[in-house]
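The values are calculated or read from the model by the stated rules, or taken from the named source; none is laboratory data. Keep in mind that this is a model prediction, so the values were computed, not measured. FYI the Cβ positions are ideal-geometry reconstructions off the backbone, even for glycines, and counts take in every protein chain you see.
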C-alpha cells in the first residue's frame with residue numbers, strides 16, 4: 001500500500017512528499033498535512049534553485065567559503081567584502097569590475113558571488129566575453145538577436161568573464177557594447193579582465209566605442225584590483241617543491 005501511495009504522489013508531481021512522507025510524524029490531521037506540504041515546498045525550492053544554477057551557465061561552481069581574501073586584493077574606498085558577499089550591490093544596480101593578472105582569483109570570486117545570487121533566487125547568467133560575443137553573432141545571423149536580448153533583460157546579474165583574453169571582431173564588439181549599454185542602470189554586471197581600461201581598445205578595436213563602453217561601465221561600478229601573483233602558479237610551484245622534498 002505504501003508503494004502505491006508513493007507512486008500516486010509521483011504521478012501528481014509531488015516528489016517532495018514521495019521522498020519523505022514516511023518520516024513525517026502524525027499528531028493530528030492539520031499538523032500532518034501541513035508538514036507534508038512543507039516537504040513538497042522545500043523540494044520544489046531546491047529544484048528551482050538547481051534549475052537557476054544550471055541556466056546561469058557556470059563553467060565551474062565556486063563558493064565564497066572557498067575563496068581566500070588576502071592583502072593583494074585592493075578594495076576601493078567605501079567597498080567592503082560584506083557589501084559584495086551579501087549582494088548589496090544588486091539593489092542599486094551597481095557593477096563589480098575585477099582587474100588583475102591571470103590566476104589571482106577574479107573568476108573564482110565572480111563565480112562565487114553569482115552562485116550565491118542564484119541560491120537566493122535571483123536570475124543570473126555567466127559568460128566569458130568570447131562566448132557571449134559568439135552567441136550574439138550567431139543570434140544576429142539567425143535573426144533572433146532581439147529575442148535573445150529580451151531573455152537577458154530578465155536577469156538581475158550578468159557575469160562577463162575574461163575581457164581581454166581574445167580580441168573581438170568588430171561586429172561582436174558592437175553587439176557586446178549593446179548588451180552592456182542595455183544593462184546600464186537596469187541590472188548589475190560583474191566583469192573580470194586582465195587588462196587595464198586603457199588597453200581595452202586592443203579587445204574592442206575601436207577607440208570611440210571603447211571609450212563609450214568604459215564610460216557607461218564605470219559610472220556605477222566598484223573596481224577591485226587583484227595585484228598578487230598567480231594563485232594557480234604559486235600552488236603549482238609549492239606542489240613541485242613538496243614533491244622534491246624542498
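Worth a mention:
- Index of the failed condition, residue 195 passing every other in (1) crowded, with 18+ Cβ neighbours inside 10 Å; (2) over 11 Å from residue 129 (Cα atoms): (1)
- Some residue of segment 88-100 being touching a helix residue (DSSP H, G or I) at 6+ places or on another chain (Cβ under 8 Å), more than 19 Å from residue 219 (Cβ to Cβ), without any contact (Cβ under 8 Å) to a residue 60 or more places away in the chain and not assigned by TED's automatic domain parsing to the domain that holds residue 49: no
- None of 73, 97 is in contact with a strand residue (DSSP E or B) (Cβ under 6 Å, 6 or more places away or on another chain) and closer than 16 Å to residue 188 by Cα except 97.
- Test: residue in segment 145-157 that is surrounded by 15 or more Cβ atoms within 10 Å (Cβ to Cβ), in the same structural domain as residue 225 (by TED's automatic domain parsing) and in contact (Cβ under 8 Å) with a residue 60 or more places away in the chain: yes
Listed here are the residues, each with its yes/no results for (1) closer than 27 Å to residue 49 by Cα; (2) at pLDDT 95 or above.
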site	(1), (2)
94	yes, yes
101	no, no
112	yes, yes
129	yes, yes
168	no, no
184	yes, no
187	yes, yes
191	yes, yes
196	no, no
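- Number of the exception - residue 32 against (1) surrounded by 12 or more Cβ atoms within 10 Å (Cβ to Cβ); (2) touching a strand residue (DSSP E or B) at 6+ places or on another chain (Cβ under 8 Å); (3) over 23 Å from residue 123 (Cβ atoms): (2)
The rows are residues; the columns are (1) crowded, with 16+ Cβ neighbours inside 10 Å; (2) without any contact (Cβ under 8 Å) to a residue 12 or more places away in the chain; (3) within 29 Å of residue 68 (Cα to Cα); (4) in contact with a strand residue (DSSP E or B) (Cβ under 8 Å, 6 or more places away or on another chain).
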| residue | (1), (2), (3), (4) |
| --- | --- |
| 105 | yes, no, yes, yes |
| 114 | yes, no, yes, yes |
| 122 | yes, no, yes, yes |
| 137 | yes, no, no, no |
| 141 | no, yes, no, no |
| 162 | yes, no, yes, yes |
| 190 | yes, no, yes, yes |
| 203 | yes, no, no, yes |
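- Check on residue 58, closer than 30 Å to residue 160 by Cα, surrounded by 12 or more Cβ atoms within 10 Å (Cβ to Cβ) and in contact with a strand residue (DSSP E or B) (Cβ under 8 Å, 6 or more places away or on another chain): yes
- Residue check, residue 215 more than 29 Å from residue 117 (Cβ to Cβ) and at pLDDT 90 or above: no
- Of all residues in segment 137-171, those satisfying the criterion of being closer than 22 Å to residue 107 by Cα and in contact with a helix residue (DSSP H, G or I) (Cβ under 6 Å, 6 or more places away or on another chain) are 157, 159, 160, 161, 162, 163, 164, 166, 167, 168.
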